[in-house]
């Protein structure tokens with residue numbers, strides 16, 4: 001044993017000993033980094049592959065035209081809602097204001113004096129209607145909204161796309177599409193990376209504080225981003241590339257892979273028969289039959305699959321440990337119920353029951369992204385609970401627990417403070433296998449067509465599209481990616497097992 | 001031994017009965033009834049108008065509380081309007097349900113019995129699964145023993161690594177990949193889809209090669225890893241040293257004395273291998289278009305046929321329980337100490 005390890009073993013908690021043991025294996029370290037990288041590709045997917053540019057500066061004649069055509073129906077809706085005093089008023093008024101402000105910003109500074117003036121007048125009128133609705137004054141609101149509709153025709157005439165001069169505007173479309181959840185996940189991922197990198201210093205303890213601080217920071221970052229980027233982006237579905245190339249002076253900075261996961265190549269979609277394209281310089285992993293970039297879909301598939309697997313694993317570990325603890329510590333009726341439940345659920349092949357459960361749910365439940373992870377968790381907790389129960393039984397008979405009981409500690413204190421922390425190591429060993437099993441289950445369910453109903457695909461959905469085709473690249477890349485993820489999880493699991501419970505052969509050495 | 005087996009089988013029955021309830025409840029508890037699902041799938045014009053919807057609901061007891069549906073499913077009395085006179089039926093079909101071996105009929109093809117369909121399809125699924133299982137054990141055990149006896153050598157390390165890789169390999173990827181690579185035009189090595197319609201025995205055997213291999217490799221990986229681990233433990237024990245000191249041949253030592261003791265944990269794992277095989281068969285059959293129980297389940301799920309899904313789930317639960325039973329019996333057979 002080296003001197004460094006020696007000092008690490010002295011006067012430090014079980015966590016530090018575990019970290020040292022885990023880090024001493026090169027395979028485990030590499031596997032952990034590989035797993036972090038795989039998760040990172042999923043977390044970073046919208047930054048790596050996106051059909052929106054990071055930054056764009058162009059004359060948005062197409063967007064302007066669309067906003068111009070949409071003003072009439074929205075203004076009519078505003079008038080209707082103002083008269084009815086309906087709840088939808090705020091939403092419609094905001095939509096109208098968004099579009100008017102967008103048009104105002106698109107107009108050139110020098111020209112279009114008349115158009116700008118009437119736009120400002122219209123915005124002032126809209127504010128007046130809003131004010132009237134806000135103080136719930138139906139008569140004024142009705143008058144003002146009638147005025148709003150009367151002003152509409154001259155406004156549309158002045159703002160006609162052919163009559164105005166547009167100026168180039170700078171925008172950050174990719175950033176606008178990032179949600180608070182994305183930011184929170186990013187913060188969490190970076191934080192875990194830093195913690196793992198610097199885990200040498202964890203010997204001093206305090207890891208729990210750091211972990212909690214990290215979670216709080218990620219939460220704050222997510223909410224902060226959510227509030228800061230509050231305004232809704234109304235051009236979500238607009239094809240950015242078309243709009244930018246429509247302006248000869250337009251320029252933009254795209255992400256590394258300038259394709260989104262759902263971006264079809266319309267020129268090819270009409271061809272028949274539909275053929276997919278092999279890997280090329282343009283599409284590194286080829287395209288599917290609709291011309292969608294396979295690499296972009298792959299990155300987004302990782303998001304779905306990992307999200308489901310991690311969520312289900314969290315629920316399984318918590319639920320399994322809690323039920324195992326309850327069964328092992330309380331015994332009696334609780335034990336009998338948990339044991340029977342384990343026995344019954346273990347009587348079914350999980351995949352068969354899972355797809356049956358998910359497929360027979362009504363549409364609205366089946367479409368929810370929470371259904372699949374929760375169904376996986378509901379069927380998969382048995383193994384963890386069995387392990388936890390066995391360990392709780394073993395630990396309960398040990399001397400220190402009896403000493404704690406003899407010292408007169410309350411039963412709940414003995415169970416929660418003495419038994420629980422000491423019976424978690426089988427749960428941690430099982431954690432990675434639970435994670436990989438979830439990944440496989442999710443992909444298998446998606447492969448059979450019962451995965452998360454989401455515009456973004458998952459690994460299983462990608463693989464099922466490759467079935468019975470001769471396009472080898474459709475199956476190869478998602479499969480390799482999934483294989484690598486499962487393999488690294490298994491290797492991390494082996495590392496955790498060896499670090500927590502050294503096998504006989506290792507101990508004998 | 002006989003008494004032990006009987007006792008074990010008798011113990012299995014209440015578990016299976018409870019399993020029918022769990023499966024039925026899990027699959028039927030979801031709010032919404034099959035008729036809503038069929039209706040909005042618009043797959044069956046016959047149930048589209050409201051009068052026939054109502055008739056369909058009464059016929060299949062869908063307007064009844066869950067416990068009545070379960071009792072009807074369980075049997076032996078048919079509680080539907082055409083069922084036993086005791087329960088207000090017309091007496092046309094007095095008996096029905098699981099206890100008289102009736103798994104119900106399909107909704108969309110009235111008159112087609114789920115039980116007969118499953119039995120027909122099992123005649124394809126069972127041989128494939130069994131072949132996969134046997135092949136898996138036949139290859140996995142020698143590989144594990146081989147690795148354990150040459151522990152630490154480069155061959156052992158290569159074997160350990162490759163079985164670890166195989167263990168992490170998702171079956172639905174490798175099956176699809178093999179299909180797309182071996183199914184290239186002009187490369188008629190092996191059929192990659194099950195032959196439709198009548199096919200000669202040779203054709204069927206040829207198209208069974210890939211599915212069986214796909215079913216077997218996971219078993220090989222699992223079994224060889226377990227064999228190696230338990231064999232290493234056994235070969236280190238004192239009585240092996242004692243036997244070796246008596247001059248017993250190494251062959252006999254490993255294969256007869258060592259393996260017999262190392263096989264005990266393997267039998268325990270049989271109870272886990274069989275459910276995994278059943279789950280794998282759903283994927284494999286879907287990929288290779290094999291008209292077996294797995295594709296029946298898949299089709300039933302897509303058409304939301306409750307009786308089909310419940311039936312297949314129950315049959316696969318039976319297989320899983322049989323696996324547990326088999327592993328217990330084998331353990332008792334191999335280790336006299338377990339026998340009461």
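The values are calculated or read from the model by the stated rules, or taken from the named source; none is laboratory data. Quick caveat: nothing in here was measured; it's all calculated off a predicted structure. Here the Cβ positions follow ideal geometry from the backbone for every residue, glycine too, while neighbour counts run over all protein chains shown.
Within the range A:150-168, the residues that satisfy the criterion of being loosely packed, with under 15 Cβ neighbours inside 10 Å, in contact (Cβ under 8 Å) with a residue 24 or more places away in the chain and within 20 Å of residue A:96 (Cα to Cα) are A:154, A:160. Screening the range A:465-485 for residues that are more than 12 Å from residue A:297 (Cβ to Cβ) and crowded, with 24+ Cβ neighbours inside 10 Å and picking the one that is modelled with the lowest pLDDT gives A:475. In contact with a helix residue (DSSP H, G or I) (Cβ under 8 Å, 6 or more places away or on another chain) and in contact (Cβ under 8 Å) with a residue 24 or more places away in the chain: is that true of residue B:189 in this structure? So residue B:189 does not fit the description; no. On inspection, residue B:163 does not qualify as away from chain A (no Cβ under 14 Å) and buried (at least 17 other Cβ atoms within 10 Å of the Cβ).
Mind listing just one residue for me: the one in the range B:256-278 that is within 14 Å of chain A (Cβ to nearest Cβ) and crowded, with 24+ Cβ neighbours inside 10 Å and, of those, nearest to residue B:116 (Cα to Cα)? Out of the qualifying residues, it is B:278. Of the candidates B:181, B:219, the single residue that is under 30 Å from residue A:481 (Cβ atoms) and within 11 Å of chain A (Cβ to nearest Cβ) is B:181.
Farther than 17 Å from residue B:137 by Cα and touching a helix residue (DSSP H, G or I) at 6+ places or on another chain (Cβ under 8 Å): does that describe residue B:267? No, not satisfied.
Looking across A:199, A:207, A:231, one residue alone is within 30 Å of residue A:101 (Cα to Cα) and either under 30 Å from the mean Cα position of the chain (by Cα) or at pLDDT below 80 (or both). It is A:231.
Within this structure, residue B:317 fails the test of being farther than 16 Å from residue B:120 by Cα, without any contact (Cβ under 8 Å) to a residue 60 or more places away in the chain, surrounded by 19 or more Cβ atoms within 10 Å (Cβ to Cβ) and within 11 Å of chain A (Cβ to nearest Cβ). For the range A:435-447, state whether one or more residues are under 30 Å from residue A:287 (Cβ atoms), within 8 Å of chain B (Cβ to nearest Cβ) and modelled with pLDDT under 90. Scanning the range A:435-447 turns up no residue that is under 30 Å from residue A:287 (Cβ atoms), within 8 Å of chain B (Cβ to nearest Cβ) and modelled with pLDDT under 90.
Each residue in the range B:284-305 was checked for being assigned to a helix (DSSP H, G or I) and surrounded by fewer than 24 Cβ atoms within 10 Å (Cβ to Cβ), and 7 pass. The listed residues are B:258, B:183, and the only one of them that is at pLDDT below 85 and either closer than 17 Å to residue B:290 by Cα or within 31 Å of the chain's Cα centre (by Cα) (or both) turns out to be B:183.
Quick test for you: out of B:82, B:68, B:55, pick the one residue that is at pLDDT 70 or above and touching a helix residue (DSSP H, G or I) at 6+ places or on another chain (Cβ under 8 Å). Testing whether each residue is at pLDDT 70 or above and touching a helix residue (DSSP H, G or I) at 6+ places or on another chain (Cβ under 8 Å) leaves just B:82. Taken residue by residue, the range A:366-384 has no member that is without any contact (Cβ under 8 Å) to a residue 12 or more places away in the chain, more than 14 Å from chain B (Cβ to nearest Cβ) and farther than 29 Å from residue B:307 by Cα.
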